Amino acid sequence: MLRFVYFAGLLSLGCREPRPPAAQAEIVADTRQLMTALVEPAADLYWAAVGTVIDSTGTHESVPTTNEEWTELWRAALVVGESGNLLTMPGRSRDQDQWLKLSRAMTRVAKEAAAAALARDTAAVFEVGGRLYETCTACHVAYSVGIPRPGDSAQAK
């Protein structure tokens, strides 16, 4: 009886339709382009959404107030989070150790940032925004020394 069950199990494996091979992702933007076109604008939007600026004209509070502003904040967090996944792709990943850890940390913290935006929790947006900044800075310290930014006079044309 045991042989029959084993044989039937093997036979059923052969009856399944073959799975198509996993799609190979194609890189469209290099790491610098990904950072300047997607990550930096989204992160800047997130960081500017909640805060206080004190200048010569007084104190100015920044807080999303409309559904559209909260939605844009949530989208920005998603862009940062998914970009962390994009940074782990072969062809972008600089190494299999610190680069992957930092990229995954970016995704993890950005996921929290998206949840804070969905909850419309200004205190959480501010707090998680600080942790996101620390995560980004840790990667920049390790990997982006000497990389020109848009607007830098040293940027290659």
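The values are calculated or read from the model by the stated rules, or taken from the named source; none is laboratory data. Just so you know, these numbers come straight off a predicted model, no measurement behind them. No Cβ is skipped: glycine too gets one built from the backbone with ideal geometry, and neighbour counts run over all protein chains shown.
Tell me, which residue of region 42-57 that is surrounded by 13 or more Cβ atoms within 10 Å (Cβ to Cβ) and not aliphatic (A, V, I, L, M) is modelled with the lowest pLDDT? Break it down into steps so the answer makes sense when it comes.
Restricting attention to region 42-57, the residues satisfying the condition of being surrounded by 13 or more Cβ atoms within 10 Å (Cβ to Cβ) are 42-43, 45-51.
Among the residues that remain, those that are also not aliphatic (A, V, I, L, M) are: 46-47, 51.
Values: TYR46: 97, TRP47: 96, GLY51: 92.
Looking at the filtered set, the residue picked out is GLY51.
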In region 99-127, the residues that are of a type outside the set (A, V, I, L, M, F, W, C) and within 16 Å of the chain's Cα centre (by Cα)
LYS101, SER103, ARG104, THR107, ARG108, LYS111, GLU112
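Just to verify a result, which residue in region 1-20, among those that are assigned to a helix (DSSP H, G or I) and not hydrophobic (A, V, I, L, M, F, W, C), is modelled with the lowest pLDDT?
The qualifying residue modelled with the lowest pLDDT is TYR6.
Every residue, every condition in (1) touching a Leu at 6+ places or on another chain (Cβ under 7 Å); (2) not in a helix (DSSP H, G or I), yes or no:
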| site | (1), (2) |
| --- | --- |
| PRO64 | yes, yes |
| ALA76 | yes, no |
| GLY84 | no, no |
| ASP95 | no, yes |
| LEU100 | no, no |
| SER103 | yes, no |
Residue within region 21-37 that is in a strand (DSSP E or B), modelled with pLDDT of 90 or more and loosely packed, with under 13 Cβ neighbours inside 10 Å present:
no
Pairs with Cβ under 8 Å, 6+ apart, first in region 49-65 and without any contact (Cβ under 8 Å) to a residue 60 or more places away in the chain, second surrounded by fewer than 10 Cβ atoms within 10 Å (Cβ to Cβ) and not in a loop (DSSP other than H, G, I, E, B):
THR52/THR59; THR52/GLU61; VAL53/THR59; HIS60/ILE54
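In region 105-127, how many residues are in a helix (DSSP H, G or I) and either touching a residue at least 60 places away in the same chain (Cβ under 8 Å) or more than 24 Å from THR31 (Cα to Cα) (or both)?
Looking only at region 105-127, we keep the residues that are in a helix (DSSP H, G or I), and these are 105-118, 122-127.
Then drop every residue that is not either touching a residue at least 60 places away in the same chain (Cβ under 8 Å) or more than 24 Å from THR31 (Cα to Cα) (or both), which leaves 113, 115-118, 122-127.
Within region 105-127, residues that are in a helix (DSSP H, G or I) and either touching a residue at least 60 places away in the same chain (Cβ under 8 Å) or more than 24 Å from THR31 (Cα to Cα) (or both) number 11.
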Kindly list the number of the only condition in (1) touching a helix residue (DSSP H, G or I) at 6+ places or on another chain (Cβ under 7 Å); (2) of a type in the set (A, V, I, L, M, F, W, C); (3) loosely packed, with under 14 Cβ neighbours inside 10 Å; (4) in contact (Cβ under 8 Å) with a residue 24 or more places away in the chain that fails for LEU87.
(3)
